[in-house]
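**Student:** After the structure tokens below, expect a handful of questions from me.
The values are calculated or read from the model by the stated rules, or taken from the named source; none is laboratory data. What you see is a predicted model, and the numbers here were worked out from it, not measured in a lab. Don't worry about glycine lacking a Cβ; one is built from the backbone with ideal geometry, like all the others, and counts go over all protein chains shown.
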Amino acid sequence: MKPRFAMYWAASCGGCEIAVLNIDERVLALDAAFDIAFWPAAMDAKYRDVEALEDGAIWVTLFNGGIRTDENEHMAHLLRRKSRLLVAFGSCANEGCIPGLANLSTRADLLRAAYDGPGSEHPGPARPQTAWDAAEGTLTLPALQPVLRTLDQVVEVDYHVPGCPPESHQIAAVLDLLIAVARGESEAPPKGAVLGAGASTVCDECPRSRDVKRIRALARIQQLPPLDANLCLLEQGLMCAGPATRGGCDARCPRVGAPCIGCYGAAPDVLDQGARLMSAIASVVDADDAEHIDRVLDGLPDPAGTFYRFGLARSLLRAHRAALAAEE
């Protein structure tokens, strides 16, 4: 009997699911090597099917998405129990990603923005109910938790595959490795290893030259003169997260004149990606007085979204103090 494979989609956009399918005919090797036991985005499956399996019956689960609802948390614990190997797959599972930016607000503020803002047409306050008695029976919705958490903040994780989404060639390499391990043709990587990514930064993969030139301003690309195709984007005044971001993407964005936005997460041995990026920016900004520093920072209209676009939930900050208090 072939080993079982599962993939689950929690608090995320679904791009990781599409990225797996983007490996084209290589996905046939996945089907040939594994019995697809649970993959709601690709096949009809029910939670009760997973619950009926013996613990450890699934050989490997790719879990994408953060933990934002009670349902997400339930499935994280269920799939951890049923899986021999649990892989945090993609940025949302590993760092929180864009959904993690909601940690800057309390749950009450989020619901207020969603249900009381412009375009909401209903009499009086409206909020989602976790249970509702209808003629057909009691209808339920998952409860929204106070903050979004990464997968390994909820359950133990065996491996990490970063990226938003992971690059297709990296996914194919990870699947090839897992297939070889399942067949006994290769040894399993050490627990906790980062798979499908590089061991350095995006800057180290980027072919653009760095002249260590200090800059006096940061601006959006439409506000800058035509960019030099060979010079570091950051040194031309364009915000680039390459110095603090793990490589493995072959610096695809900077190669074509688009700045790195940090989707592969913190560089190796970096505890807080946002803090490291702030340090990198500070090292190239040519400003000594507070007024000039403020003018430079004005070139970053969204500092939180710039420095913590992908890693807020995993960072030392984690969330708004009031949101963390509600979690406790």
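**Student:** Looking at Ala313, is it of a type in the set (A, V, I, L, M), in contact with a helix residue (DSSP H, G or I) (Cβ under 8 Å, 6 or more places away or on another chain), touching a residue at least 12 places away in the same chain (Cβ under 8 Å) and under 21 Å from Val212 (Cα atoms)? Talk me through it step by step, then tell me what you get.
**Tutor:** Values: of a type in the set (A, V, I, L, M): yes; in contact with a helix residue (DSSP H, G or I) (Cβ under 8 Å, 6 or more places away or on another chain): yes; touching a residue at least 12 places away in the same chain (Cβ under 8 Å): yes; under 21 Å from Val212 (Cα atoms): no.
Spelling it out, it is not the case that Ala313 is of a type in the set (A, V, I, L, M), in contact with a helix residue (DSSP H, G or I) (Cβ under 8 Å, 6 or more places away or on another chain), touching a residue at least 12 places away in the same chain (Cβ under 8 Å) and under 21 Å from Val212 (Cα atoms).
**Student:** Only one of these is hydrophobic (A, V, I, L, M, F, W, C), farther than 30 Å from Gly196 by Cα, in contact (Cβ under 8 Å) with a residue 24 or more places away in the chain and surrounded by fewer than 22 Cβ atoms within 10 Å (Cβ to Cβ): Leu101, Leu111. Name it.
**Tutor:** Leu111
**Student:** Which of the residues that make up segment 142-183 are out of contact with any Leu (no Cβ under 7 Å at 6 or more places or on another chain), charged (D, E, K, R), within 30 Å of Leu28 (Cβ to Cβ) and surrounded by 18 or more Cβ atoms within 10 Å (Cβ to Cβ)?
**Tutor:** Glu167 - this is the single residue of segment 142-183 that is out of contact with any Leu (no Cβ under 7 Å at 6 or more places or on another chain), charged (D, E, K, R), within 30 Å of Leu28 (Cβ to Cβ) and surrounded by 18 or more Cβ atoms within 10 Å (Cβ to Cβ).
**Student:** Let me confirm something: among Asp288, Asp269, which residue is in a loop (DSSP other than H, G, I, E, B) and at positive phi?
**Tutor:** Asp269
**Student:** Another question, if that's okay. Just checking, how many residues over segment 161-178 are in a loop (DSSP other than H, G, I, E, B) and farther than 17 Å from Ile98 by Cβ?
**Tutor:** Of the residues in that region, 1 qualify.
**Student:** Give segment 1-14 a look and list any residue that's over 30 Å from Leu101 (Cα atoms) and surrounded by fewer than 18 Cβ atoms within 10 Å (Cβ to Cβ), or say none.
**Tutor:** Met1, Lys2
**Student:** Scan segment 15-48 for residues that are surrounded by fewer than 18 Cβ atoms within 10 Å (Cβ to Cβ) and either among the aliphatic types (A, V, I, L, M) or within 16 Å of Glu71 (Cβ to Cβ) (or both) and report the count.
**Tutor:** Residues meeting the conditions: 15.
**Student:** Mind counting the residues in segment 280-308 that are touching a residue at least 12 places away in the same chain (Cβ under 8 Å), out of contact with any helix residue (DSSP H, G or I) (no Cβ under 8 Å at 6 or more places or on another chain) and of a type in the set (Gly, Ala, Ser)?
**Tutor:** Looking only at that region, the number is 1.
**Student:** Just need a number here: residues in segment 192-229 that are in a loop (DSSP other than H, G, I, E, B) and either more than 25 Å from Asp31 (Cα to Cα) or β-branched (Val, Ile, Thr) (or both). Give the steps one after another, and end with the answer.
**Tutor:** Initial filter on segment 192-229 (in a loop (DSSP other than H, G, I, E, B)): 192-193, 195-200, 206-208, 210-214, 216-218, 220, 224-229.
Next, only the ones that are either more than 25 Å from Asp31 (Cα to Cα) or β-branched (Val, Ile, Thr) (or both) stay: 192, 198-200, 206-208, 210-214, 216-218, 220, 224-229.
Counting residues in segment 192-229 that are in a loop (DSSP other than H, G, I, E, B) and either more than 25 Å from Asp31 (Cα to Cα) or β-branched (Val, Ile, Thr) (or both) gives 22.
**Student:** Against the conditions (1) under 30 Å from Asn72 (Cβ atoms); (2) of a type in the set (Ser, Thr, Tyr); (3) surrounded by 15 or more Cβ atoms within 10 Å (Cβ to Cβ), where does Thr201 fall short? Just the number, please.
**Tutor:** Condition (1) is where Thr201 drops out.
**Student:** Return the total of residues in segment 291-328 being within 18 Å of Ala102 (Cβ to Cβ) and in a helix (DSSP H, G or I).
**Tutor:** 15
**Student:** If we scan segment 262-281, do we find a residue that is touching a Ser or Thr at 6+ places or on another chain (Cβ under 6 Å), at pLDDT below 95 and not aromatic (Phe, Trp, Tyr)? First the steps, then the outcome.
**Tutor:** Filtering segment 262-281 for residues touching a Ser or Thr at 6+ places or on another chain (Cβ under 6 Å) gives 262-264, 267, 272, 274.
Filter once more, so that each one left must be at pLDDT below 95: none.
No, segment 262-281 contains no residue that is touching a Ser or Thr at 6+ places or on another chain (Cβ under 6 Å), at pLDDT below 95 and not aromatic (Phe, Trp, Tyr).
**Student:** A follow-up question, please. Checking the conditions here, which among Thr138, Thr61 is exposed (fewer than 14 other Cβ atoms within 10 Å of the Cβ) and not hydrophobic (A, V, I, L, M, F, W, C)? Spell out how you get there, then give the answer.
**Tutor:** Numbers: Thr61 fails: exposed (fewer than 14 other Cβ atoms within 10 Å of the Cβ).
Just one listed residue meets the conditions, Thr138.
**Student:** Specify which of the listed residues (Val181, Val155) is in the same structural domain as Ile36 (by TED's automatic domain parsing) and closer than 23 Å to Pro99 by Cβ.
**Tutor:** Val155
**Student:** Output the residues belonging to segment 245-274 that are of a type in the set (A, V, I, L, M) and farther than 26 Å from Cys13 by Cβ. Spell out the reasoning first.
**Tutor:** Step one: filter segment 245-274 for residues of a type in the set (A, V, I, L, M), giving 251, 256, 258, 261, 266-267, 270-271.
If the condition is that a residue be of a type in the set (A, V, I, L, M) and farther than 26 Å from Cys13 by Cβ, then Leu271 is the only one that fits.
**Student:** I want to confirm something. Restricting to segment 191-210 and keeping residues that are at pLDDT 95 or above and among the basic types (Lys, Arg), which single residue is nearest to the chain's Cα centre (by Cα)?
**Tutor:** This residue is Lys191.
**Student:** Report, by residue number, each residue of segment 241-258 that is surrounded by fewer than 17 Cβ atoms within 10 Å (Cβ to Cβ) and either of a type in the set (Asp, Glu) or touching a strand residue (DSSP E or B) at 6+ places or on another chain (Cβ under 8 Å) (or both).
**Tutor:** Asp250
**Student:** Return only the number of the condition from (1) surrounded by 12 or more Cβ atoms within 10 Å (Cβ to Cβ); (2) of a type in the set (A, V, I, L, M); (3) within 30 Å of Ile281 (Cα to Cα) that Ala229 does not satisfy.
**Tutor:** Failed condition: (1).
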